[in-house]
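Novice: Dropping a structure here in structure tokens format, bear with me for questions.
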Amino acid sequence: MKRMSRILVVDQERRPLMPCTPARGRILLKSRKAAILRRYPLVLILKTPRPDAQVQPLRIKLDPGATTSGIAVVNDTTGEVVWAAEIAHRGLEIRKALGKRRAARRSRRQRKTRYRACRIANRRRPRGWLPPSLRSRVQNLLTWIMRLRRWCPVGTLSQELARFDTQAMQNPTISGLRYQQGSLAGYEMRAYLLEKWQRRCAYCQQPSTKLQVEHLIPRSRGGSDRISNLVLACENCNISKGNRTAEEFGFAHLMAQAKAPLSGAAVMNATRWQLYRELQASGLPVEVGTGGRTSYNRAIRQLPKAHWIDAALVGASTPDHLYLQHVRPWPIAATRWQRRQMCLISEEGFPRSRAKKQSRVKGFRTGDLVQVIVPTGDKAGRYVGRVAVRARGSFNITTKRDMVKDISHRYCRRLQDGDGYTNTKGGCDFLPHS
Ligand SMILES: [Zn+2]
């Protein structure tokens, strides 16, 4: 038998029950006491209501990553990792698509609306705004938490949260504030500087408890309060530098060093903090852990590094012994629901296809999981995969191994609606044994 995580089960009225073992799931299916509610990931639905079933609250644990995030469902009392998944985000894809759109719009406006007044002045970003590529990472995780809460009894959440909020500092309205104000932004700026300059004076490199925030280009000479103009300095260095710029003081290299962003950290922190705020709004208690705590937990338990294992190790609540040998994480990749663009454009930004047609063809939409049985011909056989619809009614099916082209809709049966996510390996692993 393949190693497999537990299987999620709901009762007839869709109340989440304790996840069962694959063997038990197979018995339930064979004896027709349960049916398949969803294939990817596998969720069973019982054919009877179980209002008095005993459930123990489980904990969903998250390790948000830039390209892949880990999710683990852990039973705190037994230490068992009940279910796990790794979600591949599409941040880079979104960034590329928006870059392409921006270029096309810019070129169009230069051609057609040169005379129009600049509209930048009346654009304002709402509070908590995140770039779409980052936003999608948060949404991916929130979606899966919402789904898991429908399929298994969830009592608490744990999330890995980084140390400081660089997004707040890079937001121009906040970085324009004086750092002495003692505001949250000020504290975050200080935490960032301490991290960036490793709790040492930027000039003499001495560690000190009394570091002062210092301007590379002094304010009196037009220097700004932006984070890229700030370093930490001890009192002696600060006094001896006086009204000189860092360059005049003999530290020209610090200018570039201060400007270099902690870019990877910045991306992750913005996403994580936003996720944290939205998890708190879910009403469940949220435990936060640091990256340091996760590494420590992994080291003392001598576990390998993987996104889903890191997720299971987040936070102080991690059980002393984690049982995870049986777990096979579900590989899940975020896809788009459908193309938002009205037509395809050429490299030069001109339309190169007709306007898109309706997305539903003969009852199918691109992304639906289908089973295909072709009775005769050179494509005869049984396939399971994701469908890509075409207006004329012959579809392409992406299976686990390859793509089968030109399959008539008459041979297709939908197993599961497309929901914006797919198996990274394509197709579907878990068909019932019949
Ligand atoms: Zn110093």
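The values are calculated or read from the model by the stated rules, or taken from the named source; none is laboratory data. From a predicted model like this one, the values you see are computed outputs, not experimental measurements. Don't worry about glycine lacking a Cβ; one is built from the backbone with ideal geometry, like all the others, and counts go over all protein chains shown.
Novice: GLN139: assigned to a strand (DSSP E or B), modelled with pLDDT of 85 or more and not acidic (Asp, Glu), yes or no?
Specialist: Judged against the criteria, GLN139 is not a match.
Novice: Which of the residues belonging to segment 5-45 are over 24 Å from ASP368 (Cα atoms) and assigned to a strand (DSSP E or B)?
Specialist: PRO16, CYS20
Novice: Starting from residues that are among the charged types (D, E, K, R) and out of contact with any Leu (no Cβ under 8 Å at 6 or more places or on another chain), keep the ones in segment 341-364 and report whichever is farthest from ARG410 (Cα to Cα). Spell out how you get there, then give the answer.
Specialist: Kept after step one, since they are among the charged types (D, E, K, R), are these residues of segment 341-364: 347-348, 352, 354, 356-357, 360, 362.
Then keep just the ones that are out of contact with any Leu (no Cβ under 8 Å at 6 or more places or on another chain); that gives 347-348, 354, 356-357, 360, 362.
Working: GLU347: 37, GLU348: 40, ARG354: 26, LYS356: 23, LYS357: 21, ARG360: 15, LYS362: 9 Å.
Once the filter is applied, the top-ranked residue is GLU348.
Novice: Quick test for you: out of LYS379, LYS357, pick the one residue that is over 30 Å from LYS96 (Cβ atoms) and either touching a residue at least 24 places away in the same chain (Cβ under 8 Å) or out of contact with any His (no Cβ under 9 Å at 6 or more places or on another chain) (or both).
Specialist: Step by step, each of LYS379, LYS357 is checked, and only LYS379 is over 30 Å from LYS96 (Cβ atoms) and either touching a residue at least 24 places away in the same chain (Cβ under 8 Å) or out of contact with any His (no Cβ under 9 Å at 6 or more places or on another chain) (or both).
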